[in-house]
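Comments concern the structure below.
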Amino acid sequence: GRIPATTFIERLIKGLAAEGVEVWLFGEISGPVAYDSPNVQVCGWRGRWGRWTGLVKYLFLFLTRRPRELKRLTVHLKGQGLRQKAWQLSKFLPVLWHRPQVFHLQWAKSLEDWAWVQDFGMKLVLSLRGAHINYSPVADADLADTYGRLFPHVDGFHAVSNAIARKAQQYGASPSRIRVVYSGLDGMHLPFAPENPPRQMLNMISVGRGHWIKGYTYALNACQLLVGKIDFQYTIVGGFCEEHAFHVHSAGLESRIELTGPLPFEDVQDRIRQADVLLLPSVEEGIANVVLEAMAMGTPVISTDCGGMAEVIEDGVNGFLVPVRDPQAMAAAIVHFAGLSSQERKAIAHAARKTIEDRFHVRQMVEGMVGLYESTNYTNLHELACMSKHGQEATNTKTTLRYVRHSR
């Protein structure tokens, strides 16, 4: 977590602000911050010095105005050393001072750090995406235990796919508290241009970090199978690592495969537009945002049938699905795609764009998230109604919903 955040979180922030939701951003400011909406408030720090300065400021405010809350919060820091307590308080105190109605935690691995917000009346919403729920708790028994202990108490879950929603239930998340909200894309900023006619050389691209979960080993094995069948060039953006470089070298594919480090977002988009097909060879995903972006821009997709990808791609209609960890099936799908006519490729691209426009637009994302936030307050309203029936005074519940995106 940084301010500004990843692309899909930034879309959510701006969409919520446009809907009239007051959004507070807490964390480390690591780049230019420019939000046009007055509904977005940034409460962050720059660098280590800024973090410690902020800690001193909020300690003074709590000691002079709300000392009991500070004492209650420090109960959650028992067993930590002085420096670790100070580091945690530098994150926690700004959130407690402003005390939003809804605290939206974007990264599940940080759940134990932030469970305390519920003790101060804030509703806790947790996003379920990617590594944090797909494989980290499988590899880390302590993390799995943490999820099993805390998931039953979370007020609301945002799942990026139905597949991830089902995984969360394995750790005790209540199905009634999970809402699947797909990522939203702004079509105005992703113009549709399916204009690449079939060429003699097939230009393929993948985008993602050089991690085993991205399945690049299987994609590289598929490329070995393609030699002598089609002429191709394959670029993996962000996938450069020693293992992949050695794989390419040992297979004699240096002239056909390019491995790069991370590139600026605009450069990545340009490369996707210029490619004939985007290849997603992942072992596991929630729903890959790069696939949604490629579909929006008119670049056809060949994806493994992992995670929630089948919720996006209908095989042979708006893209292609192949089994996970199956280089032979992947190579066969690539050969099949290479043989498609220009009209057939355009039909796939148009169907993919329609999928994005119908189901993955910003409006559905914002409405879904606002609905999730509001659903967490239903219990409060119900309790207030019960209090009123028993002759107790009910407080005014007409308040502004506030959403918080925190820094890990």
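The values are calculated or read from the model by the stated rules, or taken from the named source; none is laboratory data. Since we're looking at a predicted model, the values are computed, not measured. Cβ: placed from backbone, ideal geometry, glycine included. Neighbour counts: every protein chain shown. The accessibility values were calculated without ligands, DNA or RNA, using every heavy atom of the protein model including side chains. Shrake-Rupley method; radii C 1.70, N 1.55, O 1.52, S 1.80 Å.
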Q | Any chance PRO137 is touching a residue at least 24 places away in the same chain (Cβ under 8 Å), outside any loop (DSSP other than H, G, I, E, B) and either within 22 Å of the chain's Cα centre (by Cα) or loosely packed, with under 14 Cβ neighbours inside 10 Å (or both) | A | yes
Q) How many of the residues making up the range 227-255 are part of a loop (DSSP other than H, G, I, E, B) and closer than 28 Å to PRO198 by Cβ? A) 12
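Scan the range 1-21 residue by residue and report those that are of a type in the set (D, E, K, R) and part of a helix (DSSP H, G or I).
Hits for the range 1-21 are GLU10, ARG11, LYS14.
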Q.
Is it the case, given these coordinates, that TRP24 is in contact (Cβ under 8 Å) with a residue 12 or more places away in the chain, open to solvent by 30 Å² or more (accessible area, probe 1.4 Å) and assigned to a strand (DSSP E or B)?
A. yes
Q | All positions within the range 312-336 that are in contact with a helix residue (DSSP H, G or I) (Cβ under 8 Å, 6 or more places away or on another chain), part of a helix (DSSP H, G or I) and buried (at least 17 other Cβ atoms within 10 Å of the Cβ) | A | PRO327, MET330, ALA331, ILE334
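To keep it simple, each residue is scored yes or no on (1) more than 30 Å from VAL248 (Cα to Cα); (2) among the basic types (Lys, Arg); (3) not in a loop (DSSP other than H, G, I, E, B).
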position	(1), (2), (3)
ILE164	yes, no, yes
LYS167	yes, yes, yes
TYR171	yes, no, no
PHE192	yes, no, no
PRO197	no, no, no
SER206	no, no, yes
THR217	no, no, yes
LEU220	no, no, yes
Q) Got a sec? Which strands (runs of 3 or more DSSP E) wholly within the range 256-308 have at least 3 residues that are closer than 15 Å to THR235 by Cα and more than 17 Å from the chain's Cα centre (by Cα)? A) 257-260, 277-280
Q. So, in the range 227-272, of the ones that are in contact (Cβ under 8 Å) with a residue 60 or more places away in the chain and not basic (Lys, Arg), which residue ends up surrounded by the fewest Cβ atoms within 10 Å (Cβ to Cβ)?
A. PHE265
(Q) Quick check on this structure: which one of SER127, SER206, SER176 is without any contact (Cβ under 8 Å) to a residue 60 or more places away in the chain, of a type in the set (S, T, N, Q), open to solvent by less than 40 Å² (accessible area, probe 1.4 Å) and out of contact with any Asp or Glu (no Cβ under 6 Å at 6 or more places or on another chain)? (A) SER127
Q: Would you list the helices (runs of 4 or more DSSP H) that sit entirely within the range 341-408 and hold 3 or more residues that are at pLDDT 50 or above and buried (at least 16 other Cβ atoms within 10 Å of the Cβ)?
A: 342-359, 362-376
